[in-house]
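Below is one structure, written out as structure tokens; the observations come after it.
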Amino acid sequence: LVLLYGNGCFLSLVQMENKGSDEVEKLKTKFMSVWHNVKYSWVLKSKTSFSRNSPVFLLGRCYHFKAEDVNCPSEDCHDGTDEDFIMGNVEAFRKDFASRVWLTYREDFAPLPGSTLTSDCGWGCMLRAGQMMLAQALVLHFLGRDWTWSEALSLQPLDAETRTTTAAKRLVASLEASLQGTPRTSESEPCLAPQAQASAEEADAHLKEMYHRNLVSWFGDVSLAPLGLHGLVRIGLRMGKQAGDWYGPAVVAHILKKAIKEATDPSLAGITAYVSQDCTVYSVDVMDCHKAPRAGESSEERPPVAQNSQPSAAPTLPENRAVIILIPVRLGGERTNPEYFEFAKSILSLEYCIGIIGGKPKQACYFVGFQDDNLIYMDPHYCQSFVNISTSDFPLQSYHCPSPKKMPFSKMDPSCTIGFYSKSVEDYEKIKEELSKLLQPSPKEKYPAFTFVQGRSADYDLSAGLNAEKREWPFIRDARRCVTTAGDFVLL
């Protein structure tokens, strides 16, 4: 087997046959990683186009790009330079977006449970999208919606040519190391030096950065990370999902719920997750999730610690926990029903919304906002190198994206999972009241996307007669009906 790659150079894999099937599989994985990087790089442009005349919504925040003193026609303004474009609150939007935690394909990590895969490139996008939604919930929980990363605006834009060239160089280095039987050395990453604290304000910022770094480490690609890919795949194995399989948005919702439940880090004890059943949120079930079990009480949950805005040296039992509410829905048949577009906009306009995981068939992404008739999303389809999160100063740059992307609502796959963050029972009552108004059926669309019902799900006995698989995966798509489509997105 001989492959042609790069500038006319031939790379032979025949020598690898003597090293066993595992080495061949690893090389296949590396080739697939590079192929997906190249595949998604070709559709990139330098910028995402935003209108100055329409508001931009990002996870409940509204930004206006048109400054009050703009006198030029909208067409001329739209094509202005970057310096001209920093009017209105564009910079605030960029900082807010770049502060969201970005989780993408990675490579060169330890093999995933039950497989020899050392990369999730090409198949793990829905798991990554779910991680991003969960990370946003944790940002709200520990840092609040006003928090932004101090280095967000210093991130370098992603460039298609740079991405592809870097991926090719990594592949060649990997092949040479494999053929020579020598281990590949990891690329050096810049370290973030701790800054001296000279004031109370700086001390508070340093404290929040500690939270930020700790939060990112929970999603590291190592076996012990409570919310990392290895842990999610391990949970998936118990549910019949293998590493390399396609994970749908409903399946990922259940995996995230179990990951939060099984996390042993005491800092995560003040938060749990709830997944709706059959597009129905049962209020008493959610309230039960808010109530933390007392010490000595029988419960499947571990004893939680206090939920505070600052780290606690001596954890104590809280009176209640925050709840991440995950609602798998289907917004139409083969395509998303246009009647749900305004509903999706209303959802993404709410500050307690943590976004929507969905995308195109077998091409997942994390929706965080919109402008006019276009969704704004974070794209996991970018394969990056493994980062060792066990060091105290591991680099954070690759976990933040400077480049928002857009896609029309009409291209959104109808299967998705909507997420909300509820801090307390009182918050849940407000959320339920506000969402109930949005869920009123329209004259054309008689059925709401989901509903709220009083009581517990057990009171309705909806699962009677269903086997475990049907109870767990009511929204699984038939793989034979899923069509992989090429991306046609542009990048800022």
Q: Kindly indicate whether Glu107 is open to solvent by 10 Å² or more (accessible area, probe 1.4 Å), at pLDDT 90 or above, within 20 Å of the chain's Cα centre (by Cα) and not aliphatic (A, V, I, L, M).
A: yes
Q.
Quick check on my filter: what residues within the range 53-72 are in contact with a helix residue (DSSP H, G or I) (Cβ under 8 Å, 6 or more places away or on another chain), open to solvent by less than 60 Å² (accessible area, probe 1.4 Å) and at pLDDT below 90?
A. Phe65, Val70
Q. Somewhere in the range 246-262, is a residue at pLDDT 95 or above, outside any helix (DSSP H, G or I) and farther than 26 Å from Gly359 by Cα?
A. no
Q | Qualifying positions in the range 357-393 - within 19 Å of Val329 (Cβ to Cβ), among the hydrophobic types (A, V, I, L, M, F, W, C) and touching a Pro at 6+ places or on another chain (Cβ under 9 Å) | A | Ile357, Ala364, Cys365, Val368, Leu375
(Q) Any residue that is modelled with pLDDT of 95 or more, surrounded by fewer than 21 Cβ atoms within 10 Å (Cβ to Cβ) and of a type in the set (A, V, I, L, M) - is there at least one of those in the range 350-358? (A) yes
(Q) What are the pairs with Cβ atoms under 8 angstrom where one residue, in the range 240-254, is touching a residue at least 24 places away in the same chain (Cβ under 8 Å) and the other, located anywhere, is in a loop (DSSP other than H, G, I, E, B) and of a type in the set (Lys, Arg)? Sequence gap at least six, or different chains. (A) Trp246/Lys362; Tyr247/Lys241; Gly248/Arg477; Val251/Lys241
Q) Within the range 320-349, which residues are closer than 21 Å to Phe50 by Cβ, touching a residue at least 60 places away in the same chain (Cβ under 8 Å) and open to solvent by 10 Å² or more (accessible area, probe 1.4 Å)? A) Phe341, Lys345, Ser346, Ser349
**Q.** Residue among Tyr366, Tyr382 that alone is in contact (Cβ under 8 Å) with a residue 60 or more places away in the chain, assigned to a loop (DSSP other than H, G, I, E, B), among the hydroxyl-bearing types (Ser, Thr, Tyr) and within 24 Å of Gly124 (Cα to Cα)
**A.** Tyr382
Q) What number of residues in the range 330-369 are among the aromatic types (Phe, Trp, Tyr) and within 16 Å of Gln136 (Cβ to Cβ)? A) 3
Q) How about the range 390-430: which of its residues are open to solvent by 40 Å² or more (accessible area, probe 1.4 Å) and among the charged types (D, E, K, R)? A) Asp393, Lys411, Lys423, Glu426, Asp427, Glu429, Lys430
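The values are calculated or read from the model by the stated rules, or taken from the named source; none is laboratory data. All values reported here derive from a predicted model rather than from experimental measurement. Because the Cβ atoms are built from the backbone with ideal geometry, glycine has one as well, and the counts that use them run over all protein chains shown. Heavy atoms of the whole protein, side chains included, go into the accessibility calculation; ligands, DNA and RNA do not. Shrake-Rupley method; radii C 1.70, N 1.55, O 1.52, S 1.80 Å.
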